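One structure is given here, and the rest of the page talks about it.
Laboratory data are not the source of any read-out in this text; all were calculated from the coordinates shown. In this text the structure is predicted, and so the values were computed from the model without any measurement. Quick reminder, even Gly has a Cβ in these numbers, built from the backbone with ideal geometry, and neighbours come from all protein chains shown.
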Amino acid sequence: MSEATFAAVDLGASSGRVMAGRVRPGSVELTELRRFANRPVRVGGTLHWDILGLYGNVLDGLRAAPPGLASVGVDSWAVDYGLLDADGRLIGNPVHYRDSRTDGVMERVRAELGDDLLYRTSGLQFLPFNTIYQLAADDLSRAATLLLIPDLLAYWLTGEIGAERTNASTTGLLDVRDGTWSRGLLAKLDLPAGLLPPLRNPGEAIGTVRADVAAETGHAGLRVTAVGSHDTASAVAAVPATTGRFGYISCGTWSLVGVELDAPVLTEASREANFTNEGGIDGTVRYLRNVMGLWLLQECLRAWGGPDLPALLAEAARVPGLRRLVDPDDPEFLPPGDMPARIAAHCRRRGFPEPATRAETVRCVLDSLALAHRATLRQAARLSGREIDVVHLVGGGSRNDLLCRLTADACGLPVVAGPVEATALGNVLTQARAHGVLGGLAESRALVAATQPLRRWEPSGGESAWAAAAAHLGLQP
Ligand code: ADP
Ligand code: LRH
């Protein structure tokens, strides 16, 4: 096949989209078919994803797709899941990873199993919402099958059950060395046999859409292909790197900050620095740490009733820098709630003045994120031995010029910003490879570099101020 159009379903924590990607020799063109907000809903005190609303939007998006699609791939945020009963029916709405049901659970599981065993087995950073801890807080009495969110949607589209490997690597239950479910951990956690479905790789055929889906969408016989169903795996697959010495920041609700490796780093120093070894496309390892990301800004905007973001960013650019800082990774910022108040209190505790205006709060968030980007990239390089000459910042955050500029300054490295829709592109390109339209990962990346609008930000100095700020917060200098 030399030319084909693929649909990408990409569900981020803040919004979802269905895109059509037309791939030809030397060209990839993305067209947006549907974009929709992803709003969690609190019911009876528990924070849920509106999974049927999301699925309805996916069907609407596919209905808007041109005829003759070669296939569709689904990716979403990681770690969350739906449980099916013995008849294959969903038991309740999936719970949001920011729900408080996991409060204190990670600590209990870590004390019981030991950090060394957990990290040596899964290579995963310790985050309170990893699937392994959610399961320890869940009622599994009626559960026959666990499906991660993209696998759940693929199941509804095709009737086929499976667990795609890149996303499975975020559960804490996958063995990082051999890529299989860890029998040792499953036994220790006493998880029901058969709960976790057979694994599948990005690029594998999942099936064709069910008759009812074909009738709803008008795409009879549409094939569903496994992609890097973890959105970060797809985003990193589309990083327009032209050298091996790159760092990346997949910047949306989260900033996922790190390097790409051939093998995991499972050292004690890595465990102590809480770095993760997530599974990528072609068996690569995403060696990274989660930085709290634009969630901080999203929650401020929500608290302020949704003011115009570009106008606010323009104001924040005029506020003097590095006057107010927070450690964005303080767990106090994880749950939803009054973010401006939490930021003000954190500033005060750290010996900074409280932001007096919205623009000062935004500047505080962006300075702090740039500083965390710097500290995390430096740590990734040191712990992995991988040198970094250039930082690729992809995702919605690449539209934030101020954040890109501050990140270049903080890191003392050029930042290449874009593509905005790296995840959807990675999703499309993995399908294109599976269908013989494209060669390897390097070819995919070269195609992105050659065809997508990118902006380059050179560092403009100020190293001593950034180093002092990092030291003040106790971050890697
Ligand atoms: P996710 O996949 O986690 O939902 P995205 O990659 O879609 O995240 O990025 C969403 C973020 O992109 C928003 O939180 C916002 O900060 C940023 N963003 C979106 N549009 C703009 C814009 N016009 N200017 C600056 N930032 C933007
Ligand atoms: C980004 C992301 C990230 C996970 C988080 C739960 O959307 O998938 O890689 O850590 O969501």
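Okay, here's what the table says:
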{"item": "Proxy reagent accessibility, fewest Cβ within 10 Å first, across 284, 451", "result": "451, 284"}
{"item": "Extension gain (nm, one decimal) between residue 15 and residue 178, 0.36 nm per residue minus Cα-Cα", "result": "55.3 nm"}
{"item": "Projected-area mean, the stretch 232-354, by convex hull of Cα positions, square nanometres", "result": "9.8"}
{"item": "Per-residue Cβ neighbour rank within 10 angstrom, fewest leading, 472, 48, 373", "result": "472, 48, 373"}
{"item": "Burial ordering of 435, 230, 96, fewest other beta-carbon atoms within 10 Å first", "result": "435, 96, 230"}
{"item": "R0 of 22 Å, Cβ-Cβ distance residue 140-residue 302: FRET efficiency to nearest 0.05", "result": "0.10"}
{"item": "Potential lengthening between residue 463 and residue 210 on full extension [0.36 nm per residue; Cα-Cα distance subtracted]", "result": "85.4 nm"}
{"item": "Mean separation of Cα contacts under 8 Å, 6 or more apart, over the residue count of the chain: relative contact order %", "result": "16"}
{"item": "Residue 2-residue 64 pseudo-label distance in nm [points 7 Å out on the Cα-to-Cβ vector]", "result": "3.2"}
{"item": "Largest to smallest principal axis extent of the C-alpha atoms in the stretch 93-231, angstrom", "result": "52, 31, 26"}
{"item": "Equivalent-ellipsoid semi-axes of the stretch 21-76, from the Cα gyration tensor, Å, largest first", "result": "31, 12, 9"}
{"item": "For the chain, the Rg and Dmax computed from alpha carbons only, in angstrom", "result": "21.4, 63"}
{"item": "Length released on extending from residue 46 to residue 85, taking residue separation times 0.36 nm less the Cα-Cα span", "result": "12.0 nm"}
{"item": "FRET efficiency, residue 356 to residue 108 (Cβ-Cβ, R0 35 Å, nearest 0.05)", "result": "0.25"}
{"item": "The stretch 150-175 versus the stretch 185-202: alpha-carbon centroid distance in Å", "result": "11"}
{"item": "Pairwise FRET efficiency - residue 22 versus residue 116, Cβ, R0 = 45 Å, nearest 0.05", "result": "0.40"}
{"item": "Cα pair distances of the stretch 222-277 binned at 5 Å [whole percent]", "result": "4, 14, 21, 24, 19, 11, 4, 2, 1, 0"}
{"item": "Spacing of the two label points (7 Å from each Cα toward its C-beta) at residue 323 and residue 29, in nm", "result": "4.8"}
